[in-house]
Amino acid sequence: MELLHLADAAQELGVSYPTLKQWIYHGKIHSVKTAGGHHRIPRTEVDRVLFATGRKAATSAPPKPRRSQNASQSGLEHLISGRNQLVGRIRALEVVGLLAKVTLDVGGQFVTAIITRDACRDLDLKVGETAAALIKATEVMIVRPVAARK
């Protein structure tokens, strides 16, 4: 599990260090304490927050994320009935003919889905960005929030 220093996580999320500390204290983001008592943010938490807000990793300060009643929700609850969503970062994308092979890194585990080339283009999938694998029976679908496609 990749753990980020608070300053690095805050920069990627596009918020200040004090804001990130408040998110930790209020349970809006999960942290892991080191043996020395310092907080570290798992990469999966950064990806979850970015996905829930429909944003990409920040290079400048974007607007603050909208508040959610349940911090563990991915942000798609009002758009789709499936709840088995694994949020991760796109590690590989291979487009061959009519199909695209998408590999997500979900907390160090890899989930691969075969989708159409058109779906890959419509979702504007790119290596390094966040996406979610929606698990339904034996099918895996790739989901991106509408705001991330702009």
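Here the range 24-40 is the region considered, the condition is being of a type in the set (S, T, Y) and either at pLDDT below 90 or touching a strand residue (DSSP E or B) at 6+ places or on another chain (Cβ under 7 Å) (or both), and the residue that is surrounded by the most Cβ atoms within 10 Å (Cβ to Cβ) is S31.
For every residue, the table says whether it meets (1) at pLDDT 90 or above; (2) over 22 Å from R48 (Cβ atoms).
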{"position": "V96", "(1), (2)": "yes, yes"}
{"position": "G107", "(1), (2)": "no, no"}
{"position": "A119", "(1), (2)": "yes, yes"}
{"position": "L125", "(1), (2)": "yes, no"}
{"position": "G128", "(1), (2)": "yes, no"}
{"position": "I135", "(1), (2)": "no, no"}
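Taking (1) surrounded by fewer than 18 Cβ atoms within 10 Å (Cβ to Cβ); (2) at pLDDT below 90; (3) not assigned by TED's automatic domain parsing to the domain that holds A131 in turn, G14 satisfies each apart from (1). Against the condition modelled with pLDDT of 90 or more, over 22 Å from L134 (Cα atoms) and not aliphatic (A, V, I, L, M), how does S60 come out, does it pass? Considered against the rule, which asks whether it is modelled with pLDDT of 90 or more, over 22 Å from L134 (Cα atoms) and not aliphatic (A, V, I, L, M), S60 comes out as no.
If I go through the range 28-39 residue by residue, how many of them are of a type in the set (K, R) and under 17 Å from the mean Cα position of the chain (by Cα)?
Count: 1.
The values are calculated or read from the model by the stated rules, or taken from the named source; none is laboratory data. Being a predicted model, the structure only gives us computed values, none of them experimental. Heads up, the Cβs are rebuilt from the backbone with ideal geometry, glycines too, and the neighbour counts pull from every protein chain shown.
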